[in-house]
Structures are given as C-alpha cells and as structure tokens.
Amino acid sequence: MAAQPDEASGSGGQGHACVGVKAAESGGVGAAQRYAWLENLLPPVEQVRPGLWSIPVPWPRSGLRYTLSYLVSGRSGPALIDTGWPTEHGWTALADGIKQTGHDMAEVRSVLVTHAHADHLGMAGRVREASGALVGMHPAESGTLLHRVAPQAWRERLSGWLRTRGAPDDQLAEITDLMAGAVGFHARLARPDFDIEHGGLPLGAGTTLRAVWTPGHTPGHLCFYDERQELLLTGDHVLPRITPHIGLPPGAEGDPLGDYLASLRALARYHPAEVLPAHEYRFADLGARIEALLLHHRSRLAEIEHAVASDPGLSTWAVSEALTWSRGWEQTRGPARQSAVSETWAHLLHLQRRQRVINHGRDRDSWTPGPRCSAAD
C-alpha cells in the first residue's frame with residue numbers, strides 16, 4: 001500500500017503544465033511542482049540539477065495523482081529511480097519525459113527501486129524489456145516479492161487476519177472481495193537483477209549517488225543521497241505534506257513503526273539543500289519535516305494508548321474506529337479501511353513492545369493497558 005493522502009483528492013481534471021522547465025526558473029524549491037499540485041495539474045518535467053531530471057508519471061484513480069520518477073546520468077548511461085504505476089498512459093508519459101531530458105528509453109541502463117509498491121516498481125519490467133536495463137532494490141525488499149502467495153491462499157490469509165483484528169463479517173467480506181483483484185497484478189511485478197545495499201554506490205565507483213536504507217514504509221525501502229549536489233531522494237519515506245502508510249501485511253512480523261521512527265532519526269543527520277520525494281513536490285528543510293513526522297506518530301501513539309486505557313478489551317478494529325481520521329472512519333471503505341486497520345495494528349504492536357499495551361486475545365484481539373501504562377498517563 002502506498003502513502004495515504006491527508007484528504008481525498010481525485011484524479012479528474014488533471015492537466016499538463018509547461019514542460020522542460022529548469023528548477024532555477026520555477027521561483028524557488030519545488031515551486032512549479034507545488035503550484036501544479038495545488039491546481040490539480042500534472043507538474044512539468046524539470047532539470048533539478050545537471051544530470052538529474054524529475055519526470056511525473058500519472059497514477060489514474062489515485063489521490064496521489066502521480067509518481068515522480070527521476071532520471072540520473074551515469075557513466076554507462078542514464079538510470080531511472082522508480083518508474084510509476086503501470087498503464088499505457090503512464091508508459092507514454094515516462095517515455096516522453098525521458099525524451100525531454102535529451103535521452104531515450106533505449107539508453108536507460110538501470111532502474112533503482114526505492115521500494116516494491118506498484119506505483120514505484122510498476123513499469124520496471126517494461127523498461128528492462130525496452131532497454132536491457134538492470135533492476136536493483138534492497139535485498140530486504142526483494143524478500144517481500146518472494147512472499148507473495150497464490151490468490152486463494154492470499155484471500156484466506158487476509159480474511160483470517162481481518163477476523164482476528166475484529167472485523168465484522170460483512171466488512172471482512174467486502175474488503176477481501178475488493179482487494180482480491182490486486183493479488184495477481186502485484187505478482188507480475190518485476191524481480192530484481194541486483195541488490196542495492198545500504199551505503200552502496202549503485203551507479204558505480206566514483207559516482208556520488210549513495211543508497212540509504214530506510215525501513216518502515218516497507219522492509220527494504222531505500223533513499224538515495226547525492227552528496228555532491230546535496231540532494232536527497234526520499235521515495236515514500238519523507239513526503240512534504242502527507243504521512244506514509246506504516247502497516248504490517250497479513251502474515252508479516254516485526255515492528256515497522258519502530259523501524260520507521262529509527263530510520264527518520266537516522267536520516268536527520270543529512271542536511272540536503274533539497275528533498276526530492278516520489279509524490280507531490282520538492283521541498284527544503286528536511287529536519288523540520290522529520291520533526292513533524294515524529295510528532296505525528298507520538299500523537300498517534302498517545303491517542304491509541306488513551307483509547308485502550310479508556311475502554312479495555314477493544315479489538316484492533318474497534319481501536320481504529322475510535323481514532324481520528326482525516327477523512328473520517330465512515331468515509332473509508334474497502335482497501336482504505338484495511339489500510340487504516342493495518343496502520344493501527346502496527347502502532348499497537350509498537351506500544352506492546354514498549355509494554356504500554358497488552359493483547360490478551362487469541363482468535364480475536366483484546367487490547368488492555370500494559371504495566372507501563374495507566375489511564376492517568
């Protein structure tokens with residue numbers, strides 16, 4: 001599941017701003033992109049720095065509207081960082097965007113994937129077929145592709161997970177039916193040709209683009225830091241306006257929220273002149289944005305802990321219902337509701353690790369305050 005917007009935003013009315021704009025002409029960091037976002041337009045292809053371009057790839061029927069792919073010059077030819085959601089319209093936009101940089105799709109030598117969600121990995125396989133490019137991602141992300149299961153087994157896993165989380169039977173069936181079609185689609189996404197390790201130089205020795213492992217949104221999420229040009233490409237890890245989804249898929253284990261918070265704090269030691277995210281628009285002041293994200297999750301954890309202390313025995317589903325959602329719980333349906341419950345589940349697991357809450361349930365969650373929590377906290 002990709003990052004979730006703070007408010008609903010349809011893709012209807014999406015248009016095109018001017019193309020081929022240089023960043024220096026846009027009136028400040030990300031100004032052209034931010035204007036396009038506010039006006040519900042597709043932003044322009046931009047040369048952010050010499051040898052680095054931003055290419056928007058439309059994402060139909062998504063509140064995020066587009067993915068920002070980046071073309072980076074390399075010694076053996078250009079590399080793409082992320083490719084966008086796989087549609088014919090998206091493919092045309094990506095190919096046309098590459099041409100505006102002075103290159104051609106056939107020249108692309110590698111695809112560096114921030115993470116394996118379809119709006120990032122989606123067209124990597126097609127790029128590979130068109131150019132012979134090699135696809136790279138972090139090994140922890142490659143592992144998530146291997147865990148994908150057959151459609152019927154996935155339905156049973158999701159259904160059992162929702163039932164244990166406390167989903168009503170009618171909601172369980174609705175969510176499972178609505179999400180079932182995505183299984184085969186995601187199973188067709190490209191597998192990687194090579195690993196990108198933390199600290200590695202995926203464009204080769206002597207280049208300045210360095211991989212930074214930032215688990216949380218997904219286990220193998222990568223950012224890329226260009227130390228010479230002082231640019232940080234953040235994928236979905238840090239976005240200018242919204243909070244990336246932090247959840248735990250059915251059958252998965254761990255503490256993704258703990259991983260995400262630790263990754264944010266580790267990223268705070270970087271001081272780029274510009275942050276280049278995969279959605280919305282470029283921005284400056286990474287430190288301020290990281291602090292805002294940390295504050296958001298502290299507030300969310302406190303809200304969840306208060307809900308459990310106020311009404312012990314709630315299921316994860318019931319805790320989700322008690323929380324504040326930007327669009328309102330009643331406005332979420334299907335995958336959006338599953339995403340909300342998954343996010344609540346991840347926060348509860350993080351609190352459980354800190355002994356702030358305890359889950360007494362087996363067949364169905366039952367959350368109560370832990371030894372380090374009280375209603376007075």
Look at ARG163 and say whether it is under 19 Å from the mean Cα position of the chain (by Cα), modelled with pLDDT of 90 or more and open to solvent by 50 Å² or more (accessible area, probe 1.4 Å).
no
I'd like to check something: does the range 182-199 contain any residue that is over 25 Å from ARG128 (Cα atoms), part of a helix (DSSP H, G or I), among the small types (Gly, Ala, Ser) and open to solvent by 30 Å² or more (accessible area, probe 1.4 Å)?
no
Tell me which of these ILE358 doesn't satisfy, since it passes every other one: (1) within 23 Å of ASP259 (Cβ to Cβ); (2) of a type outside the set (Gly, Ala, Ser); (3) under 26 Å from the mean Cα position of the chain (by Cα).
(3)
Would you point out the residue of the range 106-142, among those that are within 16 Å of ARG75 (Cα to Cα) and not small (Gly, Ala, Ser), that is nearest to the chain's Cα centre (by Cα)?
LEU112
Listed by first then second residue, the pairs whose first member lies in the range 250-271 and is within 23 Å of VAL341 (Cα to Cα) and modelled with pLDDT of 95 or more, whose partner is small (Gly, Ala, Ser) and in a loop (DSSP other than H, G, I, E, B), with beta carbons under 6 Å and at least 6 positions apart or on separate chains, are PRO256/GLY216; ASP259/GLY216; TYR260/GLY216; SER263/GLY216
Can you list residue pairs whose Cβ atoms sit under 7 Å apart, with the first residue in the range 235-247 being β-branched (Val, Ile, Thr) and the second being in a loop (DSSP other than H, G, I, E, B)? Count only pairs 6 or more apart in sequence or on different chains.
ILE242/ALA3; ILE242/GLN4; ILE242/PRO5; ILE242/ASP6; ILE246/GLY216; ILE246/HIS217
Counted residues in the range 81-119 being in contact with a helix residue (DSSP H, G or I) (Cβ under 6 Å, 6 or more places away or on another chain), part of a loop (DSSP other than H, G, I, E, B) and β-branched (Val, Ile, Thr) come to 4
Take the residues in the range 326-377 that are more than 26 Å from THR176 (Cβ to Cβ) and small (Gly, Ala, Ser); name whichever of them is modelled with the lowest pLDDT.
ALA376
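Checking the conditions here, which among ALA302, ALA336, ALA318, ALA292 is within 16 Å of LEU172 (Cα to Cα), open to solvent by 10 Å² or more (accessible area, probe 1.4 Å) and under 24 Å from the mean Cα position of the chain (by Cα)?
ALA336 is the lone residue from the list that is within 16 Å of LEU172 (Cα to Cα), open to solvent by 10 Å² or more (accessible area, probe 1.4 Å) and under 24 Å from the mean Cα position of the chain (by Cα).
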Of the residues that make up the range 110-119, is at least one over 21 Å from VAL275 (Cα atoms) and open to solvent by 10 Å² or more (accessible area, probe 1.4 Å)?
yes
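The values are calculated or read from the model by the stated rules, or taken from the named source; none is laboratory data. These figures come from a predicted structure and were not determined experimentally. For neighbour counting, all protein chains shown are included, and Cβ atoms are generated from backbone atoms with ideal geometry for every residue, glycine included. In case anyone asks, the SASA skips ligands and DNA or RNA and just uses the protein heavy atoms, side chains included. Shrake-Rupley method; radii C 1.70, N 1.55, O 1.52, S 1.80 Å.
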